[in-house]
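Taken together, the values in this text are just the output of simple stated rules run on the coordinates, not laboratory data. Everything quoted here is computed from the prediction, not taken from an experiment. Reconstructed Cβ throughout: ideal geometry from the backbone, glycine too, with neighbour counts over all protein chains shown.
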Amino acid sequence: MELKNEYINEKEARAYLKQFTGCDYVFAQGAHRKWGKSDDVELESNAPYFQIMPDTFDDGFFDWYVSERSGRQFFELRETCIIHFLNYRKIWLGLKSE
């Protein structure tokens, strides 16, 4: 896939995720987030925050990701969201192959 500039729109991002995962994902947007699970973590309101979710279903990765990254899935930038998502997908694939 050719990326024409430094910014990735949602359509390009979804195609990028499909290319690397074989699954269809969408971006959810939230108005608030807590970065972490501790009760001491303050609620942030610098919306929008992005989270990647399966469009319908995926190969099981998302369930693992939600469990593994609980409280750390909403990002200020779509691009950062993709980097974290693909990083943990690589970890998950490694665990599956063991």
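Given a Förster distance of 30 angstrom, what is the FRET efficiency for Glu2 paired with Ser97, based on the Cβ-Cβ distance and rounded to 0.05?
It comes out at approximately 0.45.
How much length, in nm to one decimal, is gained on full extension between Gln29 and Leu86, taken as 0.36 nm per residue of separation minus their Cα-Cα distance?
Numbers: separation 57, 0.36 × 57 = 20.52 nm, distance 1.84 nm.
Here the segment from Gln29 to Leu86 would lengthen by 18.7 nm.
Calculated from DSSP H runs of 4 or more alone, at -39500 (n - 2.57) each and per residue, what is the 222 nm mean residue ellipticity of the chain, nearest 500?
Per the formula, -13000 deg cm²/dmol.
Taking the Cα-to-Cβ direction at Arg69 and at Asn9 and moving 7 Å from each Cα, how far apart do the two end points lie in nm?
2.5
Assuming R0 = 41 Å, can you tell me the calculated FRET efficiency for the pair Ser45 and Gln19, based on Cβ-Cβ distance, to the nearest 0.05?
With R0 = 41 Å, the Cβ-Cβ based efficiency is 0.75.
Of the listed peptides 83-94, 36-47, what is their order by residue-averaged count of other C-beta atoms within 10 Å, with the highest listed first?
Highest to lowest by the protection proxy: 83-94, 36-47.
Is the chain best put as rounded, prolate or oblate by its Cα gyration tensor, with a ≥ b ≥ c the root eigenvalues, rounded for a/c under 1.5, and otherwise prolate when a/b is larger than b/c, oblate when not? Walk me through the intermediate numbers first.
Values: a/c = 2.04, a/b = 1.16, b/c = 1.76.
Oblate shape, in that a/c is at least 1.5 and b/c is the bigger or equal ratio.
Relative contact order for the chain using alpha-carbon pairs under 8 Å, separation at least 6, rounded to a whole percent?
24
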